[in-house]
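The values are calculated or read from the model by the stated rules, or taken from the named source; none is laboratory data. Everything numeric here is computed off the predicted structure, so don't read it as measured data. Cβ: placed from backbone, ideal geometry, glycine included. Neighbour counts: every protein chain shown. For the accessible areas, the whole protein counts, side chains as well, though only heavy atoms, and no ligand, DNA or RNA atoms are used. Shrake-Rupley method; radii C 1.70, N 1.55, O 1.52, S 1.80 Å.
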Amino acid sequence: MLMYSHSSGRMFMMKKRRQAAILDLIDHSAVPSQEELRRRLKARGFSVTQATLSRDLRDLGLVKGTSDGAYHRPGGETANPAVAAARLDHAVAEYLTTVDRAGQLIVLKTGPAQAQPLGSAVDGAGLPGVVGTIAGDDTVLMVCRDEAAATAVAYRLDKMAKR
């Protein structure tokens, strides 16, 4: 038989509300650290210890994203278009060194071991006209629907990199 007291029921409901707030926060903005998440939760009226927050993150199965280092639902790095755009901005600024176009293909060069996070950010952003990407160690190959799309996307990424 399951024992259930009134006070444990309140604690369970508080945990559910707190975890819902955590999901809402990470779905709508990039949260790069537990401390930042703790501050944002406190602003919403949830005062939590680091240990409680760690358990909540584990219970929710949240992971740190490769493109921006922020917390995400597993496989959900691109849930919010504004967050996906911010991740792309960050990845381009952090990793992209050159942009080159050949027909409907775009080649993005990065430093060693930086192509994967850039490719993931490009995929997550859902850029118009981009069919897909393949990322190696220091190179991302982007395939676009046509040359016009490739020209527009290459221009956009190059402009972002020069900010």
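For the stretch 29-64, a residue qualifies if it is in a loop (DSSP other than H, G, I, E, B) and touching a residue at least 24 places away in the same chain (Cβ under 8 Å), and the qualifying residues are 29, 30, 31, 32, 46, 48, 62. For the stretch 22-60, which residues satisfy the criterion of being under 16 Å from the mean Cα position of the chain (by Cα) and among the charged types (D, E, K, R)? Of everything in the stretch 22-60, those that are under 16 Å from the mean Cα position of the chain (by Cα) and among the charged types (D, E, K, R) turn out to be 24, 27, 36. Filtered by the rule that a residue be surrounded by fewer than 17 Cβ atoms within 10 Å (Cβ to Cβ) and touching a Gly at 6+ places or on another chain (Cβ under 7 Å), the stretch 147-162 gives 147, 152.
Against the condition modelled with pLDDT of 90 or more and either among the charged types (D, E, K, R) or surrounded by 15 or more Cβ atoms within 10 Å (Cβ to Cβ) (or both), how does residue 40 come out, does it pass?
Numbers: modelled with pLDDT of 90 or more: yes; either among the charged types (D, E, K, R) or surrounded by 15 or more Cβ atoms within 10 Å (Cβ to Cβ) (or both): yes.
Yes, satisfied.
Residue-level check: of (1) open to solvent by less than 70 Å² (accessible area, probe 1.4 Å); (2) part of a helix (DSSP H, G or I); (3) among the aliphatic types (A, V, I, L, M); (4) at pLDDT 90 or above, residue 141 misses just (2). Considering the stretch 124-138, and only residues there that are of a type in the set (A, V, I, L, M, F, W, C) and either assigned to a strand (DSSP E or B) or at pLDDT below 90 (or both), the residue that is most open to solvent (accessible area, probe 1.4 Å) turns out to be 134.
Checking each residue of the stretch 86-98 against the condition of being open to solvent by 40 Å² or more (accessible area, probe 1.4 Å) and touching a Phe, Trp or Tyr at 6+ places or on another chain (Cβ under 9 Å) gives no match.
Could you tell me whether residue 121 is under 20 Å from residue 30 (Cα atoms) and surrounded by 14 or more Cβ atoms within 10 Å (Cβ to Cβ)? Break it down into steps so the answer makes sense when it comes.
Details: under 20 Å from residue 30 (Cα atoms): yes; surrounded by 14 or more Cβ atoms within 10 Å (Cβ to Cβ): yes.
Against the criterion (under 20 Å from residue 30 (Cα atoms) and surrounded by 14 or more Cβ atoms within 10 Å (Cβ to Cβ)), residue 121 qualifies.
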